[in-house]
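Written out below as structure tokens is the structure these notes cover.
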Amino acid sequence: MFQSTLQRRFVVMALLMLAVLSGIIVYTQNQVGQITEETIQSVAEIRQMERRINEIRAGLQKLEQRVYQRTVIAYADEGDVEKKLMTQIEQVDSQIEKLFATSSRHNDWQEIAKNEQDSFAALTVKLKQDFQKIKRYIGYYNMVIVDTRLRFPFAENLNNKLLPLNNEFVTSIGTALTGMEDAELSREYRQVRQLLIELRYAWIQKISAFRMFVLSRSGMFDTPRSAMQATLSDRDIFVERVWGLLTELQQLNEQTGLPFEVEIAIEQMNRIHSIYEEEFNSIKPTLMSDEWRIDQLFLHEKLQPEFGALNQLVSDLSERVKQQSTQIIGRTDETVNRINLVIWLSAVIFVILILLGYLMFERLIRRPVRVVADAMNAEASGESFYPIMSSSIQETQLLVDAFHNMQEQVHSRQARLESILGSAAEGIITIDKNGVIESFNKSAEKLFGYGAKEMIGANIKQLFPEAIQARKGSFVGRLCQGNISQTNSEIDTVGLHRDGTTFPMSIKIGEMNVAGQQLYTAMVDDVSERMTMISNLRHLAEHDSLTGLANRYFFLQELERVVQRAARGLHGDVALLYIDMDNFKYVNDTMGHMAGDKLLIEVSGMLKKRSRDTDLVARIGGDEFAVILYDVEQYDALKAADAFREKLGEYRFSFDGNLADVGCSVGVAMVEQNVTRDELLARADLSCNAAKRSGRNKVHLYSDIDKQNLDNISDDMGWVRRIKEAVRNDRFVFALQPIMHAGTGEISRFEALLRMLDEQDELIMPGGFIPPAERFSMMPEIDRWVVNHAVGYLASEDSGDSNLSINLSASSFDNEAMIDFITDRISQTGIDPTRITFEITETMAMADLELTASFLEKLRSLGCRTALDDFGIGYSSFAYLKELPVDYVKIDGSFVRDIDSNELNRAIVKSMNDVAQAMGKLTVAEFIETESVMNILELIGLDYLQGYYIGRPEIPDFERRRITPE
């Protein structure tokens, strides 16, 4: 096959270049004759530009006249001035566009200009831009003339502020007079009524004086300033009269105690009058100044200077055209002669350069390149070849030096690659398409116990147990059979050690092509530790951290599975037991939280010991437990429930020398085919409440009578009434618990914990009113009270610069009205939204992750902060944390409380803190009750600390003033 050399290609290229050059010479000679004709045409086009410039100059003059006519006649229908003005604008705009289009077609003019901004093209662009600017000015001027609000700067304040204030004042007077109609006709009350009538008359006279003041500005009655001063004097008399009447009314109110609505109306009138006078004083300087009308000011300061600048631009363009027309003809002749000379000189020089270039290329480039190419081929074949050559030019010598450098780098990289493969933590095995091993690094030797020499040439199936190899269609099965079709995906499987033991292993196959041969790299690793960690995390996610029992999330999943199987008729009889401890609150309140935790642990142990291995025992609330009994009839379920009750009834709890009887109430509900999970749970809960109402320490089986007997839930209905009255009468209070910054020790954040006042003004903790509020869907009302009260507190002087954290219930998440309510309250008070943080529990968030994320995102869009409370007790906390738009992560207190004595909890808290901070979130630790716990948390690096050691929840002074009568 014929193969062209570089020399032959060069000769062919040179011949082609000569042919092209000859064609260029002939073509250029033909073009020279056309230059003269094009010059004449250019002169004609210059004259056309002169005509267009003159048309623009005349159009601008006429447009300026139209603007002045528009100034005299303010409305378009008088003489049709506006229509003529817009027509003239369109004409001038069209003329400028034509000039711009013409200049764009001839942007190759060699103009004489001081700088680029002074060129004809630049001036044309500036003319177009400046005319667009004056068009906007004229449009604005036209709008100002016909729009009173724009023409007179004070009009907006007059309409939007003074007029509403006037209406509000008149309404307040009417309210006060109405409030006095039902009052007893004592002398003092008659005096108040007369003062209110006089106040209404004085206010009306003051408003009338203000209207005369505005009309005097236009010069309707006298010279503007003298007329305005006269009306101001009249107005001041009525202003003083209004102040005097309001002062008298306030004094009478303090002496006699007027009706509530009259007292409020007097306060409102004082406030409105003060604001009205402030607004009047703010617009009075404008009315008294020469800038009370915008149209005249805009005409003199904007439009007239812009018209002058446009006319100057037109004059500059005309001057450029004149200069161009005088020089273009002479420049053309000079250019033609120069082109002819350059063409022929270029041809001669081009021929000489081709000859010299060929000789230099042959000696200095082609021969050295050939030597280097031979050396590179030898290097690729593994032969030793070092070309000995010298060159008189730098580029060729650089090529030789680059070859030697490449040679050294290839050898160095090969050595480093072998070192990396040898020291890699993962086993790296290279195999061919049939599964035969070609390389086996040191980590692979350590992992499988084989040496590299004995494994090279063996099949990779030797590294897998026979049972794994025999699985047809599996990844490993296809790999052992030489069918490698799946690459770049990691597979968990089982590896076989040389001693016959097996271990969990991950393997990932990568594909590569080396010198035309298809090879595969297998990355293998022992995943025993990772599997153990995943198992531990799964256990933590599904079990209660305090008692070790199944948590509420896992329990609800299992209960849903049971209900679904029942709906399909796939199971035997199943019973649900709902166990509520009778005296847990007493132990927790009198002996402390540590005693309560110990009680829960001991009770959990008794429940677990008393149940069968096949049953599921779960902690679903503070002191609430649930048991799912599988394959059990109703009689046996009641028998098991009574056994649980009897076991706890006999148990006496001991802590620090104190004894307490515990006991429990048990509700029993049998799983039926057409009952949902929530209905089944509600039945068990209702049965448990029935057991409590019947005297506690009882077992109650759910029946249809429970559903029909409304008297059994009278206690909860009583709570509904009490909660509604508390919301309506402001019978809730905040107890603020401080949150300390771990780095500075500063306390500027507080968590607002809700309390309720009973009929004797005693505090009711959330455990008393929150459960019935949740059962009867009253949490949105409580949430609205909390938001309203928290925003009001932050807007008051009592809050200082502190920030507030409040808790929201899950029922507010899908309530769009709650977002609107929060938005309105923040807007009304004007507080900085970053001062308020909304907290939700992790359990609530996990119930509907998408809905929760959407709700939190809306809160953050308002500027508010968000926090995830009780972090760590839910399912897959780390996996879902990055999906939630929260600013703070509050680690659950069950991990924090004993961190100074529990190494596992300390490691868990550290991992939670590291993960949260890596995601850019701030961390908060709760339940800090000792100094040692606080010190450990500071070493771990928590951002904020909260607990009894930092400060207990206390009702602040502003709340005490609100709830305590004077």
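Rule-based calculations on the coordinates, nothing more; no lab input. If you're wondering where the values come from, they're calculated on a predicted model, not measured in any experiment. Don't worry about glycine lacking a Cβ; one is built from the backbone with ideal geometry, like all the others, and counts go over all protein chains shown.
Some notes on this structure:
- Between ILE197 and SER233, the distance separating the two model label sites (each 7 Å from Cα on the Cα→Cβ line) works out to 3.2 nm.
- Over 22 Å between alpha carbons, listed pairs LYS608/LYS639; LYS84/LYS126; LYS161/LYS206: LYS84/LYS126
- Here the gap between LYS882 and GLU816, fully extended at 0.36 nm per residue and compared with their Cα-Cα distance, gives a gain of 21.3 nm.
- Formal net charge of residues neighbouring GLU929 (Cβ-Cβ distance under 12 Å; K, R +1; D, E -1): -3
- Here r is the Cβ-Cβ distance between GLU781 and ASP704 and R0 is 30 Å; the resulting FRET efficiency, rounded to 0.05, is 0.40.
- Comparing segment 533-708 with the 2.2 N^0.38 Å rule of thumb, its C-alpha radius of gyration ratio is 1.03 (two decimals).
- Extension gain from ASN159 to SER274, taking 0.36 nm per residue of separation minus the Cα-Cα distance: 39.6 nm
- Highest mean first, the peptides 912-924, 163-175 sorted by other C-beta atoms within 10 Å per residue fall in the order 912-924, 163-175.
- Our coupling estimate for segment 922-936, obtained by passing each phi through the Karplus curve with A = 6.51, B = -1.76, C = 1.60 and θ = phi - 60°, is 7, 10, 10, 9, 9, 6, 7, 10, 9, 5, 5, 5, 4, 4, 5 Hz, Gly and Pro reported as x.
- Pairwise FRET efficiency - GLN323 versus GLU90, Cβ, R0 = 22 Å, nearest 0.05: 0.10
- Computed E for ARG696/LEU659 - FRET, C-beta separation, R0 25 angstrom, nearest 0.05: 0.85
- Each residue of segment 808-821 was assigned a 3J(HN,Hα) from its phi angle through the Karplus curve 6.51 cos²θ - 1.76 cosθ + 1.60 (θ = phi - 60°); the sequence is 10, 8, 5, 5, 8, 5, 9, 9, 5, 5, 5, 4, 5, 5 Hz, with glycine and proline shown as x.
- LYS442 paired with ALA14, simple spin-label distance in nm, labels 7 Å along Cα-to-beta-carbon: 6.1
- Lys/Arg +1, Asp/Glu -1 at C-beta; segment 813-966 dipole; positive extreme among PHE838, TYR880, SER894: PHE838
- Residues whose placed amide H lies under 5 Å from that of ASP887, excluding near-sequence neighbours: THR866, ALA867
- Computed label-point distance, nm, for sites GLU850 and LEU763 using a 7 Å Cα→Cβ extension: 4.2
- The slack between ALA44 and SER901, meaning 0.36 nm per residue of separation minus the straight C-alpha distance, is 298.5 nm.
- In terms of the mean number of neighbouring beta-carbon atoms within 10 Å, the peptides 201-214, 228-241 order highest first as 201-214, 228-241.
- Dipole moment magnitude, nearest 20 debye, segment 729-769 about Cα centre, only Lys, Arg, Asp, Glu C-beta charged: 220
- Proximal lysines to LYS890, defined as alpha-carbon separation beneath 18 angstrom and excluding residues fewer than eight positions away on the same chain: LYS882, LYS910, LYS921
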